[in-house]
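Visitor: The structure follows.
The values are calculated or read from the model by the stated rules, or taken from the named source; none is laboratory data. Remember, it's a predicted structure, so these values are computed and weren't measured experimentally. Neighbour counts run over all protein chains shown; Cβ positions are idealised from the backbone, glycine included.
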Amino acid sequence: MKLDVEYRQEEIDDYAKIKVIKKEFCCEELKKAWGNNFIGLADYENKELVRNKETVSINIYKCSQYPEGAVWDDTRIQFCPFCGKEIEVNVKTISKEQLKKEKYEEQQIRVKEIEDEMKRQQERLDEIKNNLRKEREKIL
């Protein structure tokens, strides 16, 4: 399995956010296990958060049932448990500055979308006013 992730230096309660960019499964069984949340990135309860870049890993999740509730354990794996191929995780660090730039660009896109929508609404309003004016002239 090959996995490309971004290690995004957003600080969320001593964690950094990770984002999967690309997944290539080595076998169909691993793909099914991933889809069914038996295998995944980071730990089961915080799938998008890691404490540091070195803890980005693929883990097998195991749930143990107790009278008090369930406990999730995650075990780091380096080879596919189904076909035996090595698991490769490529981590690209995204700095806080890059994140700020991304957020700014996203905000600019959103502002442009809102401005375009406002322009369309204004055009529609002008059209309605024009139609009302024409109807009024017909009546008078």
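Visitor: Given the criteria more than 18 Å from Ile18 (Cα to Cα) and in a helix (DSSP H, G or I), does Asp126 qualify? Write out each step before concluding.
Guide: Details: more than 18 Å from Ile18 (Cα to Cα): yes; in a helix (DSSP H, G or I): yes.
It is true that Asp126 is more than 18 Å from Ile18 (Cα to Cα) and in a helix (DSSP H, G or I).
Visitor: If you scan the stretch 65-95, which residues turn out to be of a type in the set (A, V, I, L, M, F, W, C) and either in contact (Cβ under 8 Å) with a residue 24 or more places away in the chain or over 16 Å from Leu30 (Cβ atoms) (or both)?
Guide: Ala70, Val71, Trp72, Ile77, Cys80, Phe82, Cys83, Ile87, Val89, Val91, Ile94 - these are the residues of the stretch 65-95 that are of a type in the set (A, V, I, L, M, F, W, C) and either in contact (Cβ under 8 Å) with a residue 24 or more places away in the chain or over 16 Å from Leu30 (Cβ atoms) (or both).
Visitor: Scan the stretch 17-53 residue by residue and report those that are modelled with pLDDT of 85 or more, part of a loop (DSSP other than H, G, I, E, B) and surrounded by 14 or more Cβ atoms within 10 Å (Cβ to Cβ).
Guide: Phe25, Cys26, Cys27, Phe38 - these are the residues of the stretch 17-53 that are modelled with pLDDT of 85 or more, part of a loop (DSSP other than H, G, I, E, B) and surrounded by 14 or more Cβ atoms within 10 Å (Cβ to Cβ).
Visitor: Something else now. From Lys103, Lys119, Lys112, which residue is among the basic types (Lys, Arg), under 30 Å from Trp34 (Cβ atoms) and out of contact with any Lys or Arg (no Cβ under 8 Å at 6 or more places or on another chain)?
Guide: Lys103
Visitor: Look at the stretch 102-130 and say how many of its residues are over 23 Å from the mean Cα position of the chain (by Cα) and modelled with pLDDT under 95.
Guide: Residues meeting the conditions: 0.
Visitor: From Val56, Val71, which residue is surrounded by 15 or more Cβ atoms within 10 Å (Cβ to Cβ) and either under 21 Å from Glu6 (Cβ atoms) or of a type outside the set (S, T, N, Q) (or both)?
Guide: Val56
Visitor: Working carefully through the options Ile128, Ile87, Ile109, find the one that is among the aliphatic types (A, V, I, L, M) and assigned by TED's automatic domain parsing to the domain that holds Ile21.
Guide: When all the criteria are applied, what remains is Ile87.
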